[in-house]
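A short worksheet on the structure shown next.
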Amino acid sequence: MDVISRDLLGSDANALVRVADFDGLRGCAAADTITTGDDILFVSHELFLTVELAKTSTLVSLIDEISSLSNDDVLALLLLHERFRLEDSPHRAYIRSLPTEYSNTIHWSENERRKLAGSNLNMLTDILLQQIQTDFTDFIQTICERHVELFGEVGIREYKWALSTIWSRALDLTIDDKIVRCLVPFADMLNHKPGSAVTHFFDNDSKGLRVKALTSFRAGEEVCLDYGPFSNEKLLRLYGFSLVNNPYDSVQLWAVIQPDSVLADYKVSLLQQHGFDNSSPFQLTESCLNRSLLAALRIQHMTPLLFRYADAAFAGPIDTENEQEVLSSLRGGLESMLSQYTSSDDEDAHDLHDPNFHHVCAARLRIGEKRILRFSISAVEREISALDSIASN
């Protein structure tokens, strides 16, 4: 067992992976041959950092003072407290193992943020930064200033560090039929790989995280988790990286019925009856045109004369004129989204080789999103051609 594994898990731990370097990035490699079904790693719940741990620590009284604190903020306070009392902390080995800087977009410079121009991520990062500043000013700063003996000097930089630690490293585990966000030492060094042949779960019998192999690994081969079906936008916003040809990539599109539009309340009610949330975005991918989006747009463009066909709108076209409006508006919206990107395809390709890692990640994001938007535009145009062909016969 390597030194980091021993420090984080204890000398009795039996981890089949070790910390290794992969193209300058830290990850986990098979320490020896791993066969299908092997327990790769087990981490006792006693080592986890959770909200429940915070509520049983010296922080409990000040956490109770502000009932509106989110779980992430409670975890952030626990991290800041353990980092401040480092030498006296039972979690000192874990705190030392954490990165001191992160690459998710709330940490990017203004110049780096320009590489996100046109993407939803640029807007979402602005919203996130505003929310972080508000939460820090309204809650975190007050708590930390009142209890300097527990946290030391905490500014917005330290708060962003704590949040980024949680967003990029925490696992949401099912424990006693509840979803619990946990910071799990050593396990958070496993990198992300879509479709990874590794599973992880909380073992209620052994009371800890268990990571199992679903295939074999050669000694030295990287062992990864699949964090989930996350787009490059989400990976970059929360984890600080993006992937080339991400199979889970998508682009979010909002098709909100405005409150001042004709019969808005009735149309929103129709959507809700069919499980739609007017404020939630639709996901565009390269696999097919989003049929739920088309259904929502049919309702959005529906005139009162067509309301009796409302339920049918969720199965397919209900009227030629309505469908023409739906497809025309969607094509215009998609073309507008595509036009917002300020970089050319040549510039995107060039940035893939930029020495600045953030620029590379932004280029991967732009390339994937433009490809999805172009696919969606082509799919809509095929639908328009098919509709025109039917109408002309």
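The values are calculated or read from the model by the stated rules, or taken from the named source; none is laboratory data. Bear in mind the structure is a predicted one, so any value in this text is a computation, not a measurement. Heads up: the accessible areas ignore ligands, DNA and RNA and are worked out on the full protein's heavy atoms, side chains in. Shrake-Rupley method; radii C 1.70, N 1.55, O 1.52, S 1.80 Å.
Carbon-plus-sulfur fraction of the accessible area of the chain, 1.4 Å probe, in percent?
Details: 9480 of 19420 Å².
C and S fraction of accessible area: 49 percent.
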Rounded if a/c is under 1.5, else prolate if a/b beats b/c, else oblate: with a ≥ b ≥ c from the C-alpha gyration tensor eigenvalues square-rooted, which is region 117-271? oblate
Distance between Cα centroids, region 24-64 to region 185-240: provide it in whole Å. 12 Å
What figure, in Å² to the nearest 10, do you get for the accessible area of LYS193 with a 1.4 Å probe and non-protein molecules left out? 120 Å²
accessible surface per residue for the chain, probe 1.4 Å, DNA/RNA/ligands not counted, whole Å² -> 49 Å²
Straight distance only, please: which aspartates and glutamates reach the Cα of LYS115 with their own Cα at less than 16 Å, same-chain residues fewer than 8 apart left out? ASP126, GLU233, ASP345, ASP346, GLU347, ASP348, ASP351, ASP354, GLU369
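Suppose a student asked you for the relative contact order of region 110-232, using Cα pairs under 8 Å spaced at least 6 residues apart; what percent would you report?
Details: 102 pairs, mean separation 18.9, N = 123.
Answer for region 110-232 is 15 percent.
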Taking 8 Å as the Cα distance limit and 6 or more residues as the minimum spacing, I'd like the relative contact order of the chain as a percentage. 19 percent
If you take the C-alpha gyration tensor of the chain, multiply each eigenvalue by 5 and take the square root, what semi-axes do you get, largest first, in whole Å? 43, 26, 22
Keeping all protein chains in place and using 1.4 angstrom, which order do THR342, THR303 fall into by accessible surface area, from largest down? THR342, THR303
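Mean residue ellipticity at 222 nm from the helices of the chain, using -39,500 (n - 2.57) per DSSP H segment of n ≥ 4 over the full residue count, to the nearest 500 deg cm²/dmol?
On the way: 15 runs with 164 residues, N = 393.
Only helices count here, giving -12500 deg cm²/dmol.
For region 50-146, what is the relative contact order in percent, using Cα pairs closer than 8 Å and at least 6 residues apart in sequence? Please list the in-between numbers first.
Details: 34 pairs, mean separation 22.5, N = 97.
Averaging sequence separation for qualifying contacts and normalising by length gives 23 percent for region 50-146.
Quick one: ranking GLU46, GLU221, GLU286 by accessible area, 1.4 Å probe, largest first, what do you get? Don't skip to the answer; put the middle values down first.
Values: GLU46 140, GLU221 55, GLU286 80 Å².
Reading off the accessible areas and sorting them downward yields GLU46, GLU286, GLU221.
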Please tell me which of these pairs span more than 21 angstrom C-alpha to C-alpha: LYS234/LYS370; LYS207/LYS234; LYS193/LYS370; LYS55/LYS207? LYS207/LYS234; LYS193/LYS370
What's the center-to-center distance, using Cα atoms, between region 86-162 and region 266-326 in Å? 40 Å
